[in-house]
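Scroll down for the structure; my scribbles are underneath it.
The values are calculated or read from the model by the stated rules, or taken from the named source; none is laboratory data. Please read all numbers here as calculations on a predicted model, not as lab measurements. Cβ sites come from the backbone with ideal geometry, for glycine too, and all protein chains shown count toward neighbours. Each accessible area value is taken on the protein alone, full model and side chains, heavy atoms only, with ligands, DNA and RNA left out. Shrake-Rupley method; radii C 1.70, N 1.55, O 1.52, S 1.80 Å.
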Amino acid sequence: MKTTISFFRKTKGGMLSALAVCLTVLAPLSFVACVDNDDNVPENMYTAQKVTAAGFLESNQEQFSDFITLLKRTPYFSLLSTYGQYTLFAPTNSAIADYMSKYGYSSLSSIPDEKCDTIARTHIMRNGAYYTTDVIEGTIGLNMLDAFLVWSSDSDVVNNNKLIYYVNKNARMLEYNDSVTNGVVHVLDHLITSSNDFLPEKMEEDSTLTLFCEALRLTGMADSLKNYIDETYSCGADSVYNGTRERCTNGGDLYMTCKWVGTRYFKYTAFVEPDSVYHAHNIFTIDDLKDYAKQVYDATYPEDAGKYDNDPKHRKNPLNRFVSYHLLDRIAGYNQLVCSGTMRERCWKSTVADPEEFYATLCPGTIMRFASPAAGADAGLYINRRGIMKALYKGDPECRGIKVLSPSESGSIDQNALNGIYHYIDDILTFSTHTRDVVLNCRMRFDPATLSPDFMNCDGRGRYNTDEIRGFKRGYITNFDISKESFVGVTSDKDFWWSYLGHVLCVSGRFDISFKLPPVPKKGTYEIRMGYTPGEERGVIQVYLDNNPCGIPIDLRVGGWDPNIGYVADTEDEEENTMNDKAMRNRGFMKPMDCWFPGGGDTSMRNLGSPLRRILATETLDPEKSYYLRVRQVLDDPLKYWNFNYLELCPKSVYGSPEGEDTH
């Protein structure tokens with residue numbers, strides 16, 4: 001599919017102009033950008049006069065002559081001579097020779113053209129220049145095959161423990177961070193290899209995972225992890241409403257390119273205990289694992305105890321629940337599950353709260369809580385970790401959570417499959433009564449980009465500092481139903497925006513959309529809240545819970561300073577601050593969190609005055625049932641829009657507790 005990009009102007013404004021950044025719909029007469037993994041190359045803008053990535057290779061013929069020969073049999077050598085921001089992983093002649101020897105090629109000319117094309121696209125990332133200082137550990141982004149590349153590191157004991165970097169565990173960087181006019185080049189000692197296996201087959205190859213893989217097969221959940229590409233999806237003229245283009249605006253001056261999803265993927269993530277973890281719990285056979293799962297899940301679901309023990313494929317069978325709780329219906333690298341990298345270092349106040357995120361799992365009616373402590377002995381990534389910032393829980397081993405091993409901690413095995421990734425964990429993961437009643441008895445804040453797996457599977461989340469929105473086509477967004485006059489897109493991450501996590505879900509046009517709420521951990525009373533940043537070009541929305549109106553329409557143009565909302569800046573008097581917060585709550589509003597500092601400045605979201613949390617409803621929610629929020633544009637103006645920043649589900653035990661809900 002030909003890729004035609006609409007270029008828009010940018011503002012010269014600073015933080016205040018970024019307040020209003022979101023998506024609106026313009027009149028027709030424009031083009032649409034599609035992101036695809038076909039063989040088409042973006043049109044050449046101009047050829048750089050200085051050293052490009054291609055020029056870097058040609059100026060080092062003694063190292064890269066074989067790679068140059070392969071590239072020139074594809075369109076991609078010319079691409080690397082043009083304007084853009086590329087990350088090129090350049091294998092040496094020795095690396096090419098090793099590859100030819102391994103696969104039985106007698107000469108460069110004997111390598112088929114299609115294999116040259118695959119090699120080229122495997123080693124090029126075209127959506128940014130990634131340096132080792134940007135991501136030390138984890139996923140760095142997509143190559144031109146739409147496959148994620150993973151960086152890991154080790155210490156070189158021969159050279160004063162200097163860091164050694166690897167790509168996909170098997171290709172060592174001999175040199176790195178060579179800046180060129182159109183990106184950056186890293187030199188490799190081996191070619192990057194990618195698996196063609198689906199996730200279950202990839203895990204089967206790992207000899208340390210025999211018990212979990214046996215349970216995966218027995219429950220039939222392996223069959224649920226074998227989808228890859230939606231063959232019914234296409235990106236063409238029908239991908240846009242009335243042929244229009246999309247833009248972001250701060251009143252008419254700031255525009256962002258919209259790139260439509262070119263291929264719709266189904267991808268998955270598994271968190272898996274190696275056999276050694278089971279052995280430490282005296283679990284050595286599949287029957288031992290069945291007994292363990294029954295003990296846990298009979299306690300969590302006593303109403304189902306004994307009913308489905310003989311049918312491992314039944315979704316309420318204990319072993320089925322055990323396995324399913326280890327799985328997510330989207331791909332998530334080690335550093336993609338919570339805020340990480342530059343965004344976290346600049347904007348998240350880790351001394352106030354740990355970065356956290358929540359995800360629904362493939363076990364019906366359950367969620368996981370992920371936390372990423374930034375420093376100290378417990379730095380890393382954890383599942384179902386509880387509030388370690390509170391002294392009450394420090395030192396409680398039951399609240400430590402299950403550690404997810406980083407790529408560097410996981411050995412030399414490549415854990416990337418064609419349609420997903422798996423991560424090792426250091427203890428047994430379950431949706432136990434303790435997880436349900438204690439760990440998940442908390443305010444759950446959801447980034448909208450996690451509410452549909454399509455947003456993560458199709459490169460919607462985690463694109464740092466690019467002027468780009470990823471557009472999602474009507475009818476192809478899992479958990480969402482959108483009207484014909486609606487546009488839904490995810491912005492890239494901008495750390496200076498007045499938005500939690502630096503991005504929003506943009507909804508524009510005369511929209512009417514519905515989306516499924518994540519499950520709550522247990523039946524009870526919850527507040528449902530929405531976070532947003534007001535602006536004069538926003539709309540007025542009516543929100544419904546299962547088609548029942550949630551109060552009166554919300555005017556997204558009105559900020560916290562409005563007397564009907566009643567924002568009052570915090571003072572040194574905590575009692576006065578609490579009274580001001582209660583007065584806002586009585587009007588149905590709350591200040592945002594104090595753990596996020598836009599732009600890495602001195603002012604948290606809580607103290608900006610304009611961003612808000614709106615309490616939409618207080619309802620009894622049941623994890624056995626599905627609930628939908630519907631949001632409808634009230635104004636008859638296609639230029640007005642809604643910037644959906646985050647969703648919160650907060651149990652009464654938290655917002656109604658005697659000590660009150662925290663401000664984080």
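Set against the 2.2 N^0.38 Å expectation for a compact globular protein, the range 544-616 has a Cα radius of gyration ratio of 1.20. Contact order for the range 438-560, expressed relative to its length and based on alpha carbon pairs under 8 Å spaced 6+ residues apart, stands at 18 percent.
Contact order, relative form, for the chain: 14 percent (alpha carbon pairs under 8 Å, 6 or more residues apart, mean separation divided by residue count). The range 320-337 and the range 464-520 have Cα centres lying 22 Å from one another.
Taking θ as phi - 60° and the Karplus parameters 6.51, -1.76 and 1.60, the scalar couplings of the range 443-458 work out to 6, 10, 10, 10, 5, x, 5, 9, 6, 10, x, 4, 5, 8, 5, 10 Hz in sequence order, x denoting glycine and proline. Shown in residue order for the range 504-519 are the 3J(HN,Hα) couplings computed by the Karplus curve 6.51 cos²θ - 1.76 cosθ + 1.60 at θ = phi - 60°: 9, 8, 8, 10, 9, x, 7, 7, 8, 10, 10, 9, 7, 6, x, x Hz (x for Gly and Pro).
Convex hull volume of the C-alpha atoms in the chain, normalised per residue: 168 Å³. Per residue, the chain exposes 40 Å² of solvent-accessible protein surface, assessed with a 1.4 angstrom probe and all protein chains in place. The shape of the range 248-371 can be summarised by an equivalent ellipsoid whose semi-axes, obtained from the alpha carbon gyration tensor, come to 39, 19, 14 Å from longest to shortest. Of all beta bridges that DSSP places with both ends in the chain, some 80 percent have antiparallel geometry. From helices alone, the chain scores -4500 deg cm²/dmol at 222 nm; the rule is -39500 (n - 2.57) for each run of n ≥ 4 DSSP H residues, then divide by the residue total.
Restricting the calculation to Cα atoms, the range 545-664 yields a radius of gyration followed by a Dmax of 15.8, 45 Å.
Couplings 3J(HN,Hα) of the range 313-323, computed from phi: 8, 6, 5, 9, 5, x, 5, 4, 5, 4, 5 Hz, in residue order, whole Hz [Karplus 6.51 cos²θ - 1.76 cosθ + 1.60, θ = phi - 60°; x for Gly and Pro].
For the chain, carbon and sulfur atoms together expose 49% of the accessible surface, with a 1.4 angstrom probe and every protein chain in place. Working from Cα pairs under 8 Å separated by at least six residues, relative contact order for the range 573-664 is 23 percent. Among the chymotrypsin sites (Phe, Trp or Tyr not before Pro) in the range 258-327, those placed in a DSSP loop whose Cβ has at most 13 other Cβ atoms within 10 Å are 284. Over every Cα atom in the range 597-664, the radius of gyration and the widest Cα-Cα span, Dmax, amount to 16.3, 45 Å. Of the peptides 545-556, 117-128, the ranking by mean beta-carbon count within 10 Å, highest at the top, reads 117-128, 545-556. Each eigenvalue of the Cα gyration tensor of the range 60-217, multiplied by 5 and square-rooted, gives one semi-axis; in descending order these are 26, 21, 17 Å.
Histogrammed with a bin width of 10 Å, the alpha carbon distances of the range 518-567 distribute as 19, 45, 27, 9 percent, first bin at zero. Using the Kirkwood radius built from alpha carbon pairs, what does the Stokes-Einstein equation give as D for the range 429-475 at 4 °C and 1.567 mPa s, in µm² per second? The diffusion coefficient I find is 96 µm²/s. Globularity index of the range 490-595 is 1.22 (Cα radius of gyration / 2.2 N^0.38 Å, N = number of residues). Working from label points 7 Å from Cα in the Cα-to-Cβ sense, the residue 170 to residue 562 distance is 5.8 nm.
You can think of it this way: the chain between residue 576 and residue 131 has 155.5 nm of extra reach, that is 0.36 nm per residue less the Cα-Cα gap. Taking every alpha carbon pair in the range 399-447, what does the distance histogram look like in 5 angstrom bins from 0, in percent? Result returned by the calculation: 4, 15, 19, 17, 18, 14, 10, 2. Given a Förster distance of 60 Å, report the FRET efficiency between residue 94 and residue 483 from their Cβ-Cβ distance, rounded to the nearest 0.05. After rounding, the FRET efficiency stands at 0.55. Volume per residue for the range 360-517 equals 166 cubic angstrom (convex hull of Cα atoms). Loop-located trypsin sites (Lys or Arg not before Pro) across the range 50-119 with a Cβ neighbour count of 16 or fewer within 10 Å are 50, 72, with loop assigned by DSSP. Subtracting the Cα-Cα distance of residue 276 and residue 234 from 0.36 nm times their residue separation leaves 10.6 nm of extension gain.
Spread over its residues, the convex hull of the C-alpha atoms of the range 329-387 is 89 Å³ per residue. Residues whose amide H falls under 5 Å from that of residue 420, counting only those 5 or more places apart or on a different chain, are 268, with hydrogens built in the peptide plane. Peptides 362-374, 502-514, ordered by how many other C-beta atoms sit within 10 Å of their residues on average, highest first, read 502-514, 362-374. Amide H contacts under 5 Å for residue 635: 540, restricted to partners 5 or more places along the chain or on a different chain, H placed in the peptide plane at 1.01 Å from N.
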